[in-house]
1. Which one is nearest to Glu349 (Cα to Cα), of the residues in region 291-312 that are in contact with a helix residue (DSSP H, G or I) (Cβ under 8 Å, 6 or more places away or on another chain) and at pLDDT 90 or above?
2. Restricting attention to region 510-554, report how many residues are touching a Gly at 6+ places or on another chain (Cβ under 6 Å) and either farther than 14 Å from Leu574 by Cα or crowded, with 21+ Cβ neighbours inside 10 Å (or both).
3. Checking Asp85 against (1) open to solvent by 40 Å² or more (accessible area, probe 1.4 Å); (2) out of contact with any Gly (no Cβ under 6 Å at 6 or more places or on another chain); (3) closer than 30 Å to Leu324 by Cα, only one condition comes out false. Which one?
4. Residues to consider are Thr75, Thr80, Thr62, Thr90; find the one that is free of Cβ contacts under 8 Å to residues at least 60 places away in the same chain and either crowded, with 21+ Cβ neighbours inside 10 Å or not acidic (Asp, Glu) (or both).
5. Which residues, taken from region 344-357, are assigned to a helix (DSSP H, G or I) and buried (at least 24 other Cβ atoms within 10 Å of the Cβ)?
6. Select from region 261-287 the residues that are small (Gly, Ala, Ser) and either surrounded by fewer than 22 Cβ atoms within 10 Å (Cβ to Cβ) or modelled with pLDDT of 95 or more (or both) and write down the one among them that is farthest from Glu401 (Cα to Cα).
7. Would you call Glu224 open to solvent by 30 Å² or more (accessible area, probe 1.4 Å) and outside any loop (DSSP other than H, G, I, E, B)?
Amino acid sequence: MTESDTYPPIEAYGIVGNLETCALVAPDGSVDWFPFPHLESPSILAAILDAKRGGQFRITPTDPFETERRYVDDTNVLETTFDTDGGTVTMIDFLPPAGRTTHPKKVLYRKLSCTDGSVDLEVELDPRFDYGRAETAIEYTERGILAEGKDERTLLESPIILEIDDERLTGELPLEAGETEWFLLRCTGAEDANTEPDAALEETLAYWSDWAHSCGPEDDCAFEGPWHEHVVRSELVLKLLTHAESGAIAAAPTTSLPETIGGVRNWDYRFNWLRDAGFTVQALMNLGTTEEASDYFDWFMDLCQAAEPEAIKPLYSLHGEPDLEERELDHFEGYRGSRPVRIGNEAAEQRQHDIYGELLLAVDEIHHRGRELDDEEWKRVRDIVDYVREIWDEPDAGIWEVRGENEHFVYSKVMCWVALDRGIAIATDGAHDAPLEAWRETREMIRSDVLENGYNDAVGAFVQSYGTDTLDATGLLLPIVGFLPFDDERVQGTIGAIEETLVEDDVFVSRYDGDDGLPGEEGAFVLCSCWLVDALALSGRVEDARSRFESLLQRLNPLGLVAEEIDPETGAHLGNYPQAFSHIGILNTALYLGYLQGNETPGPAPMGIRLGEPITLSEN
């Protein structure tokens, strides 16, 4: 067996979850990733990070088979169909959403139904608690097969007798046409709960179907276009990554999936980055999921109110905890030998000045939608803007969290400008007390500084940091956040330089072209590809943007999921998966194109697109 057989492609996985944690399911029916009880918790199953020591829960035909997979309608219920020479079996995987059904959320349901002929299935459960570090004890009980390790335990309800072999459970399940069997993996806290599998499935399907975005042929949908189904799937991914209790949204459900196979760029993304705030709120509000947008807004506002501006971290756990100590799991070999495997994230201790602008973007967005700030909320917003006045001219680690010396990153300066600009707008519109004259003075100082030091005449573009000629995809965002209009020659020069230097095959966009102090390479960033499409569309190159967006969507996997990065040469997905920011990019790009497509008259941006200048259309 080759390494590629042992480790399926990243994009081959499907995802299910319960709004507290998620599980990744491989095409062969193996659950290869399952942290519990929360996304940032230690894993019970982690074969995706170590095929031998990670643990898995596999149900797969004994004979050769072909696989087809889909999500049941607009839900997060995953259906896998195995076709063999002898027959066909369909497997359905799901977890009931926390607090949304009457069935326990801490149960992974696996339904097997033979629809034709007969199929023999081999079953293997190999639980490895605490990232495979805990010893596992397995025994039969009256309710099922109990596995315990450290602080967690599972109880498997199985329709067949399974043999216990070296901390593993194995067996074979024969199915004939018309037969259905269930496997229930109950986790800590759900061992004694009564469950009715069919009722749990129906309630889970109903919840997701009722929640998902839908519109009829007569509706004026903001996401109009042939990509509408991708919008719905991206929305469902974001919801899966949203913690039911706190409202926080994880960047991804996984850790240490590599940005290049065999490389060291392997990070833990099971946390919430505050920089996601503005674009996330925009996407959620335009989807009509105002409850989720408000919950997310309340979550990060609570974080801001609990800490002085200088103490606000770039990222937090999904429960608001700032201590995300980064450690390495030396006993794991990593996905296809990609080491180290990391848990926690050192970037939580960095200074990243762009986060203040992104927070103010979110506040402005939700304020624009009618949410009034109370006195305490405004005080915290005002404190943040005042703090930005103090630190905007200091170096930081930047949006890409460079693990080297701090620099004067252009995007960080621009987002400090955004913090002041949106702070002024909110204070003026809401009649809030603020030192507006001082804020306007600093806003102009930042603008002048960026125009003088952030634009490189020799390159003909805004660069990554002062004194360099390195291009950075964040240059595409300068007009989107309103720093300069789209028809400014410096903006168009930046877009052109990025197209020439950072873009491959029209749609794959690298983050930057300079040295970041880390060995190895990385793939093209999906989010940056969306930024390019946005910049082209909002510059008037609508058909060009549309074509590139459709090309990008073809790179998503058949389930509509996408990782952080894509290898331009092979199309393989790289990095943690599925990636929230990638799907947020798809949502907002679909919003822009849905508005611009066929719009022949220049006009202001639609609600939710907060630009500094009207959109100018020169091509339709």
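The values are calculated or read from the model by the stated rules, or taken from the named source; none is laboratory data. Just so we're clear, the structure is a prediction, and the values are computed from it rather than from any experiment. Glycine also receives a Cβ, built like all others from the backbone with ideal geometry; neighbour counts cover every protein chain displayed. These accessible areas exclude ligands, DNA and RNA; they are computed on the full protein's heavy atoms, side chains included. Shrake-Rupley method; radii C 1.70, N 1.55, O 1.52, S 1.80 Å.
1. Going through the qualifying residues, I end up with Ile312.
2. Residues meeting the conditions: 3.
3. Failing condition for Asp85: (3).
4. One residue alone meets the criteria, Thr90.
5. Asp354, Ile355, Tyr356, Gly357
6. Looking at residues that are small (Gly, Ala, Ser) and either surrounded by fewer than 22 Cβ atoms within 10 Å (Cβ to Cβ) or modelled with pLDDT of 95 or more (or both), I get Gly262.
7. No: the conditions fail for Glu224.
Conditions tested, residue by residue: (1) under 27 Å from Glu11 (Cβ atoms); (2) aromatic (Phe, Trp, Tyr); (3) touching a strand residue (DSSP E or B) at 6+ places or on another chain (Cβ under 8 Å).
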residue	(1), (2), (3)
Leu241	yes, no, yes
Ala250	yes, no, yes
Thr255	yes, no, yes
Thr260	yes, no, yes
Asn272	yes, no, yes
Gln282	yes, no, no
Ala293	no, no, no
Asp302	no, no, no
Ile312	no, no, no
